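Data first, discussion second: the structure below is written as structure tokens.
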Amino acid sequence: MTTPIIANLEKMLASGKDSALLRFSLGAEYLKAGAPEPAATHLREAVTRDPQYSAAWKLLARALEQAGQAAQALAAYRQGIAVAEARGDKQAAKEMAVFAKRLEKRLGAP
């Protein structure tokens, strides 16, 4: 599952230009291409490089959910909500709370 954009981003990564933003961009593109597993890998690296990157947490949770890893997705949503709230990013926190609530209902989680 590669597109020209993914190929260019992968080339940048291979050349040593690694960053949270590059990993986020790769994750987003892989998710658009219908490849949630490599998306999750890059998004995990994005939040490792910048644990305060609330948009990356949100996309990581979505990728994990699409990859069939619902429990991990819920944990990512919860972490993302905490990060977004701490940063004052109310809209991101609100969006992730909605997605987390839906996932909790599907999982029967408290």
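Here are the numbers for the structure shown:
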quantity: Max mean-square fluctuation residue, GNM over the chain, Cα-Cα springs under 10 Å, options 16, 27, 88; calculated: 16
quantity: Segment 4-107, dipole about Cα centre (Lys/Arg Cβ +1, Asp/Glu Cβ -1), debye to the nearest 20; calculated: 300 debye
quantity: Segment 61-88 residues near the modelled residue 102 label - backbone nitrogen below 19 Å, point 7 Å along Cα→Cβ; calculated: 61-82
quantity: Eligible aspartates and glutamates near residue 11 by straight Cα distance, threshold 18 Å, same-chain separation 8 or greater; calculated: 29, 45
quantity: Residue (of 60, 26, 46) at the positive-pole extreme of the chain, dipole from beta-carbon charges; calculated: 60
quantity: Rounded tilt (10° steps) of 36-49 against the dominant C-alpha axis of the chain; calculated: 90 degrees
quantity: Model label zone, residue 52; criterion: amide N under 18 Å from point 7 Å along Cα-to-beta-carbon; scope segment 17-44; calculated: 19-22, 24
quantity: Alpha carbon centroid spacing (whole Å) that separates segment 50-67 from segment 68-103; calculated: 8 Å
quantity: The chain: most fluctuating residue of 56, 86, 73 per GNM, C-alpha cutoff 10 Å; calculated: 86
quantity: Cross-link table 58/90; 17/101; 17/94; 58/105, entries beyond 25 Å C-alpha to C-alpha; calculated: 17/101; 17/94
quantity: Estimated translational D of the chain in µm²/s (Stokes, Kirkwood radius over Cα pairs; 20 °C; 1.002 mPa s); calculated: 154 µm²/s
quantity: Relative exposure of 22, 107, 60, judged by other C-beta atoms within 10 Å (fewest first); calculated: 107, 22, 60
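None of the figures in this text is laboratory data; all of them are computed from the coordinates on show. Note that this is a predicted model, so its numbers are computed, not measured. With ideal geometry, Cβ positions are generated from the backbone for all residues, glycine too; neighbour counts draw on all protein chains shown.
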